[in-house]
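The values are calculated or read from the model by the stated rules, or taken from the named source; none is laboratory data. Remember, predicted model here, so these are calculated numbers, not experimental data. Neighbour counts run over all protein chains shown; Cβ positions are idealised from the backbone, glycine included.
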Amino acid sequence: MFEMLFRHAKLIFVWGVLVAILSAAVSLLFPWQYSAESQVLIISRDRSGVDPYTQSKAAERIGENLAQVMQTDDFMQKVMTNPSASFDKTRWENLTERKQKKQWQKDVTGQMLYGTSLMKITVYSTKNDVLPLASAVTETLTAHGWEYVGGDVAIKTVNQPIVSQWITKPNILLNGLLGFLAGIVLSSAWVIKYKRHLFGF
């Protein structure tokens, strides 16, 4: 079987390249989105005199909770009504409630950087809109995050949002690579099936 595949390696490779090009071309049909990343520092104001390690672990648990809170309807509404928000809100307002929530959860994410008390906020949107949206999300979290986890917490922005240089979604390179692998697998399967059917082995 491996000898058979080796003899048709050129054909298999060509089909892999063709499927990769097709996958990359299809990706270009989807809306292009950039990402913007910012970081906030979570400080647990514990007055009981606990050690720094325990405070760091407490900050991590708070960050995990905030990451989930950022994807809720309540937090989304706080961002939408932020007085300084200047991003385009119609992309969510024209959706049904269910689709609006799913879209928000795709567009706004939070991730705790363990061992640092830092939380990374990642926002996805169009090139001209991603920075205003990321700024509004970060500002809302620092201003209202304590409401979700208690008043003994301080949230401070330590890195302002920075926009990616290249398109983040869709991932054209990844889709092209997956298309290449899919083309290799499918063409290899076709070669094996065709040759076995032709020669009866």
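Annotations for the structure displayed:
- Residue that is modelled with pLDDT under 80 and either in the same structural domain as SER86 (by TED's automatic domain parsing) or touching a strand residue (DSSP E or B) at 6+ places or on another chain (Cβ under 9 Å) (or both), where the choices are PRO170, PRO132: PRO170
- Among residues of region 146-157 that are assigned by TED's automatic domain parsing to the domain that holds MET70, those with a beta-carbon under 7 Å from a residue that is among the basic types (Lys, Arg) at least six positions away or on a different chain give the pairs ASP152/ARG45; VAL153/ARG45; ALA154/ARG45.
- Qualifying residue in region 48-67 (condition: assigned to a helix (DSSP H, G or I) and in contact with a Lys or Arg (Cβ under 8 Å, 6 or more places away or on another chain)): no
- Flag if PHE199 is more than 24 Å from ALA67 (Cα to Cα), of a type outside the set (S, T, N, Q) and either out of contact with any helix residue (DSSP H, G or I) (no Cβ under 9 Å at 6 or more places or on another chain) or at pLDDT 85 or above (or both): yes
- Candidates VAL108, VAL149, VAL153 - the one that is within 18 Å of the chain's Cα centre (by Cα) and over 30 Å from LEU18 (Cα atoms): VAL108
- Single residue of SER125, SER188 found to be at pLDDT below 90 and polar (S, T, N, Q): SER188
- LYS78 vs. criteria touching a helix residue (DSSP H, G or I) at 6+ places or on another chain (Cβ under 7 Å) and either assigned by TED's automatic domain parsing to the domain that holds ILE43 or not charged (D, E, K, R) (or both): yes
- In region 43-60 there is no residue that is surrounded by 12 or more Cβ atoms within 10 Å (Cβ to Cβ), of a type outside the set (Lys, Arg) and at pLDDT 90 or above.
- The C-beta contact set for region 90-104 (first residue in the same structural domain as VAL130 (by TED's automatic domain parsing), second residue surrounded by fewer than 13 Cβ atoms within 10 Å (Cβ to Cβ) and modelled with pLDDT under 85, distance under 8 angstrom, 6+ apart or interchain) comprises GLN100/GLU93.
- Test: PHE75 is within 30 Å of PHE30 (Cα to Cα), assigned to a loop (DSSP other than H, G, I, E, B) and either among the β-branched types (Val, Ile, Thr) or under 21 Å from the mean Cα position of the chain (by Cα) (or both): no
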